[in-house]
Amino acid sequence: MPYDFAEIEKKWQEKWQEAKIFETDRDESKEKFYCLEMFPYPSGALHVGHLRNYSIGDLIARFQRMNGKNVLYTIGFDSFGMPAENAAIKNKTAPAKWTWENIEHMSQQLKHTGFSYDWRRRVATCATEYYKWNQWLFLQFYKKGLVYRKHAPVNWCDECKTVLANEQVVGDGVCWRCGHPVTKRGLDQWFIKITDYADELVKDLDKLSGWPSRVVTMQRNWMGRSTGVHFKMKIENFNKEIEAFTTRIDTIFGVTFVAMAAEHPFVEEFVNIIGEKNAQKAQEIRDFVKKVSAKSAIDRTAVGKDKEGIDTGFFAINPVNGEKVPIWIADYILTDYGTGAIMGVPAHDQRDFDFARKYNIPVITVVREKDKEAPDGATMASAAAANGISCNSGFLDGLETPKAIETAAAWFEEHGIGKKETQFKLRDWLISRQRYWGTPIPMIYCPHCGLVPVPEDQLPVELPLDIKMPENGGNPLVTREDWVNTTCPVCGHAAKRETDTIDTFFCSSWYFSRYTTLDRANTPYPFNKDDAAYWLDVDQYIGGIEHACLHLIYARFFTKVCADLGLLPKDYREPFRKLLTQGMVIKDGAKMSKSLGNVVDPDVIIQKYGADTARLFILFAAPPEKDLDWSDQGVEGAHRFLKRVWKLVEQNIDSIKNAASSHIPMADLKETADRNIKRQIHATLSNVTKDIRDEQQFNTAVARLMELTNALGGFSPKTETSWAVMREGIETLLLCLNPFAPHITEELWHMIGHNDFLSIHPWFTVEESALVQDSVVIVLQINGKVREQFNVKAGLSKEELLADVMARPETQARIAGQTVIKQIAVPGRLVNLVVK
């Protein structure tokens, strides 16, 4: 009977579904295991990257299920976002229609691949019953003081016609979605105060022992915790003080200028004052600010890039010595970190030094190396070391750097003009999006009451689905007066809805909690608290490393807030216990992409070779964390291996079915061939178990199963005992191969006489005695040089090993005519004879 993968896969997918073997419920009597992949955007079809991600997750879920765990494993769709709008414009259809059709198509693709999801738990973030809870959570954050609205310079993508969070500006300052250069623009926007949790987010990175160190480092660097002094400087002829933050307050005597960002709120005030006397100068500053604001943050701060600035004509007063220093606007200063203004100490900071030299600003050294003179600020070629002994620094002179920092910080606090503070590079999360296809922000603008939250009993604020997308992009909600116009829930007067929608990363920051609850219609919260307490945290999370500083930070933040809101247990502070970041799929030396024409359609592979082949190749071709080079020959090789497994069972089917089904202990086996194959069976079982459970080296596990297949193919059973061992080998092979290739193994399992589902059959236990070798190879050394190799019985003592080796004719021949001065025996390894 040939291996008909199409018929077999269809058959078992239907049987699994009918028997509901992958559906799971909360069971306090069983140990749980929550396995999850980052859910996909419903772009229309699965690609090979999806297939790799989900094959890894399904393998882990199946393995844990067979090991007795109560496994939660499901899927959903991150289905709001701009691609649906673009597709709607292109195809002249509604975003909702395009999205739901894709969700259903991709769901069918996933089912045809045999992934063992509990489909009852599927979520789609564009569903009203999901985004209602986005809005509810937004209002809880608002009540807690974590949501606010302000006018701010924001990252603007002109191609997407929307605002981006800092984390969504990538590479050389481009949009994460379309790659278009990002500029700055001033808008009224909604923010979430993620910075309130910055300290905990950084500290708790130390708890993430199950995460790749690379991801932890990326998050630590992104959030950028630093301790210093936040202080104020008066401004001459200006009634406000400028604030700055520095980690090196000890260098305050070396300040020769102040630089502020083009977006600093004082800029416009300075320009207005200057314009009253010098309109030309005011316009020069405006032009400079416009030019700088159009640059990306990456471009403005790049090391080695020529720095640009313009003198405002205003002066700050250095609080420690009363010296006046000019205030400049500089392109390398950003409002995204600190206060948007810095104290320029060119003698000890290279960027400040380059800026000072370009614009002829004085340089004053205030730190010298121990036992050396301070460099001359007028002639030094580059910034000097910033650690050493303070000099030219008044009351700090002679102090070593750590003591000088401590003393200067105390001086500022004593004088009430500064305080020690911890700051972060992490900025508050900008969530406003000028898009249609997203969660409407549940706020109302009333001319009498101001900003008013939509009452919770009026949620959800539903998106109108009968929408026509503007050809040039933008948000069509703005023009839908029937939707925008509403009444104030406080005073009853005419009011207007907020037309911005929420950043889609909001949706993906808590979806894993939603999965835990089945009876969602009767749950008065986003998820049932008892269900969440049982299933969370996620034991194994799988997804791309590109989300290290986006989704993964936001999900950690949401989890902490939900715990503080009482939605989750108070001590549940981290969402994902273990994280696996799979590598990319490469073809022809490049990442797969439509533009390069190197995309492989999984449907084509599955139709030609079957889902089991596609899954097996992906899991065998590379370790999960490494990039995978796609190989058509590799796919064919995986298919040939499955056909060999099929042939091995089918050709011996009657003998295997008739063999004893109980496994014979190693102690009862007498024949060497039987003992050897039994040993390889259990060594394979032991190693494959470790490869999956401990090392997550799935490719190594497949290689071991290929070796076992070869060994079983070369085994020639003749007796009932030998056939019983053969059956044990076949059963072990099928069981270990099942998480990789579930359909063919399920079919063969039933062909050899089993009636239960292999997919939920208990994982076999390793017989430890079967791992013990009957014999070992030891070497004979004479005067330290290897002369012979012998097979000896395993487990011999020193005395027994010496007696065995000395009695052998080969040994006697080697030492004939010589005197043995010393005998050294290392059991299981060697015997060394010193002769004369």
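The values are calculated or read from the model by the stated rules, or taken from the named source; none is laboratory data. Quick caveat: nothing in here was measured; it's all calculated off a predicted structure. Virtual Cβ from ideal backbone geometry, glycine too; neighbours counted across all protein chains shown. The accessibility values were calculated without ligands, DNA or RNA, using every heavy atom of the protein model including side chains. Shrake-Rupley method; radii C 1.70, N 1.55, O 1.52, S 1.80 Å.
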(request) Using a 1.4 angstrom probe on heavy atoms only, work out the carbon and sulfur share of the accessible area of the chain in %. (result) 49 percent
(request) May I ask for the distance between the Cα centers of the stretch 574-613 and the stretch 166-235, given as a whole number of Å? (result) 30 Å
(request) Just order 635-647, 779-791 by mean Cβ neighbour count inside 10 Å, highest at the front, would you? (result) 635-647, 779-791
(message) Please list 3J(HN,Hα) in residue order for the stretch 579-590, calculated via the Karplus relation 6.51 cos²θ - 1.76 cosθ + 1.60 where θ = phi - 60°; whole Hz, with x for glycine and proline.
(response) 10, 10, 9, 6, x, 7, 9, 10, 9, 6, x, 9
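Report the convex hull volume per residue for the stretch 275-419, counting only C-alpha atoms, in Å³.
On the way: hull volume 20.2 nm³, N = 145.
Normalising the Cα hull of the stretch 275-419 by residue number yields 139 Å³.
What is the dipole size for the stretch 444-498, taken about its Cα centre, with +1 at each Lys and Arg Cβ and -1 at each Asp and Glu Cβ, in debye to the nearest 20?
Working: 4 positive and 8 negative charges, 37 e Å.
About 180 debye.
Expressed as a fraction of 2.2 N^0.38 Å, the rule-of-thumb size for a compact globular protein of N residues, what is the C-alpha radius of gyration of the stretch 445-495?
Dividing the Cα Rg of the stretch 445-495 by 2.2 N^0.38 Å gives 1.33.
Set the Förster radius R0 to 22 Å, insert the Cβ-Cβ distance between Ala127 and Asp530 as r into 1/(1 + (r/R0)^6), and round the FRET efficiency to 0.05. Please list the in-between numbers first.
Working: r = 23 Å, r/R0 = 1.06.
About 0.40, to the nearest 0.05.
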(request) Calculate the translational D of the stretch 574-733 in whole µm² s⁻¹ from Stokes-Einstein, where the hydrodynamic radius comes from the Kirkwood formula applied to all Cα pairs, the temperature is 20 °C and the viscosity 1.002 mPa s. (result) 120 µm²/s
(request) First check a/c for the stretch 277-353, with a ≥ b ≥ c the square roots of the eigenvalues of its C-alpha gyration tensor; if it is under 1.5, answer rounded, and if not, answer prolate when a/b is larger than b/c or oblate otherwise. (result) oblate
(request) Output the relative contact order of the stretch 169-306, whole-number percent, from Cα pairs under 8 angstrom with separation of 6+ residues. (result) 28 percent
(message) Highest mean first, how do 389-402, 445-458, 354-367 rank when packing is the count of other Cβ atoms within 10 Å averaged over residues?
(response) 354-367, 389-402, 445-458
(request) For every helix of n ≥ 4 consecutive DSSP H residues, a contribution of -39,500 (n - 2.57) applies; sum these over the chain, divide by its total residues, and give [θ] at 222 nm rounded to the nearest 500 deg cm²/dmol. (result) -11000 deg cm²/dmol
(request) Would you kindly state how much longer the chain becomes between Ser686 and Arg357 on full extension, computed as 0.36 nm times their sequence separation minus their alpha carbon distance, in nm to one decimal? (result) 111.7 nm
(message) Between 0 and 90 degrees, rounded to the nearest ten: what's the tilt of helix 720-737 against the longest Cα principal axis of the chain?
(response) 10 degrees
(message) Just to confirm, what accessible area per residue do you get for the chain at 1.4 Å probe, in whole Å²?
(response) 43 Å²
(request) Mind giving me the FRET efficiency for Lys234 and Glu276? R0 is 22 Å, r the Cβ-Cβ distance, nearest 0.05 is fine. (result) 0.55
(request) Just check the chain against the gyration tensor rule for me: Cα atoms, a ≥ b ≥ c as the square roots of the eigenvalues, rounded for a/c under 1.5, and otherwise prolate or oblate depending on whether a/b exceeds b/c. (result) oblate
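Work out how much length Asn67 to Lys591 would gain on full extension: take 0.36 nm times their residue separation and subtract the Cα-Cα distance, in nm to one decimal.
Working: separation 524, 0.36 × 524 = 188.64 nm, distance 3.59 nm.
Going from the current span to full extension adds 185.0 nm.
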(request) Select from Pro40, Ala741, Ser393 the residue farthest towards the positive end of the dipole of the chain; place +1 on Cβ of Lys and Arg, -1 on Cβ of Asp and Glu, and compute about the Cα centre. (result) Ala741
(message) Tell me the relative contact order for the chain as a rounded percent, counting alpha carbon contacts under 8 Å between residues six or more apart.
(response) 14 percent
(request) With 30 Å as the limit, write out which pairs from Lys570/Lys690; Lys132/Lys193; Lys20/Lys718 have Cα-Cα distances beyond it, or answer none. (result) Lys570/Lys690; Lys20/Lys718
(message) Restricting to DSSP loop positions (anything but H, G, I, E, B) with no more than 12 other Cβ atoms inside 10 Å of their own Cβ, which GluC sites (Glu not before Pro) remain in the stretch 1-63?
(response) Glu28, Glu31
(message) Compute the distance from the alpha-carbon center of the stretch 259-321 to that of the stretch 460-485, in whole Å.
(response) 39 Å
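Compute the relative contact order of the stretch 279-378 as a whole-number percentage, counting only Cα pairs closer than 8 Å that sit 6 or more residues apart in sequence.
Numbers: 101 pairs, mean separation 16.6, N = 100.
Answer for the stretch 279-378 is 17 percent.
Using only Cα atoms, what Kirkwood radius does the stretch 61-103 have, in angstroms?
Values: mean 1/r = 0.0785 Å⁻¹.
For the stretch 61-103, the Kirkwood estimate is 12.7 Å.
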(request) Show me 79-87, 403-411 ranked by packing, highest mean number of other Cβ atoms within 10 Å first. (result) 79-87, 403-411
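Can you bin the stretch 166-281 into rounded, prolate or oblate? Criterion: square roots of the alpha carbon gyration tensor eigenvalues sorted a ≥ b ≥ c, rounded for a/c under 1.5, prolate for a/b above b/c, oblate for the rest.
Values: a/c = 2.63, a/b = 1.53, b/c = 1.72.
Oblate, since a/c reaches 1.5 and b/c is not below a/b.
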(message) Rg and Dmax in Å for the stretch 356-483, alpha carbons only: what are they?
(response) 28.7, 78
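If you put +1 on each Lys and Arg Cβ and -1 on each Asp and Glu Cβ, how big is the dipole of the stretch 60-217 around its Cα centre, in Debye rounded to 20? Mind showing how you got there, number by number?
Numbers: 23 positive and 16 negative charges, 88 e Å.
Here the stretch 60-217 has a charge dipole of around 420 debye.
Please report, in debye to the nearest 20, how large the charge dipole of the chain is about its Cα centre when each Lys and Arg carries +1 at its beta carbon and each Asp and Glu carries -1 there. The partial results should precede the final answer.
Working: 102 positive and 110 negative charges, 184 e Å.
Value, rounded to 20: 880 debye.
Using R₀ = 25 Å, calculate the FRET efficiency as 1/(1 + (r/R₀)^6) where r is the Cβ-Cβ separation of Val826 and Thr672; round to 0.05. Present the calculation step by step, with values, prior to reporting the outcome.
On the way: r = 26 Å, r/R0 = 1.03.
So the FRET efficiency works out to roughly 0.45.
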(message) Heavy atoms of the protein only, probe of 1.4 Å, neighbouring chains included. What is the accessible area of Met1 in Å², nearest 10?
(response) 130 Å²
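In the structure shown, do any of Lys468/Lys496; Lys10/Lys643; Lys143/Lys295; Lys11/Lys578 have a Cα-Cα gap over 25 Å, and if so which? Each step should come with its number before you reach the end.
On the way: Lys468/Lys496 21 Å; Lys10/Lys643 18 Å; Lys143/Lys295 36 Å; Lys11/Lys578 34 Å.
As for pairs spanning more than 25 Å Cα to Cα, those are Lys143/Lys295; Lys11/Lys578.
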(request) Calculate the spin-label point distance for Glu810 paired with Leu518, positioning each point 7 Å from the Cα along the beta-carbon direction, and give it in nanometres. (result) 6.5 nm
(request) Describe numerically, in nm with one decimal, the distance between label points set 7 Å from Cα along Cα→Cβ at Glu400 and at Lys785. (result) 6.0 nm
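Using just the alpha carbons, could you tell me how many Å³ per residue the convex hull of the stretch 36-135 encloses? Kindly include the intermediate steps, with their values, before the conclusion.
Details: hull volume 10.4 nm³, N = 100.
Once divided by residue count, the hull of the stretch 36-135 is 104 Å³.
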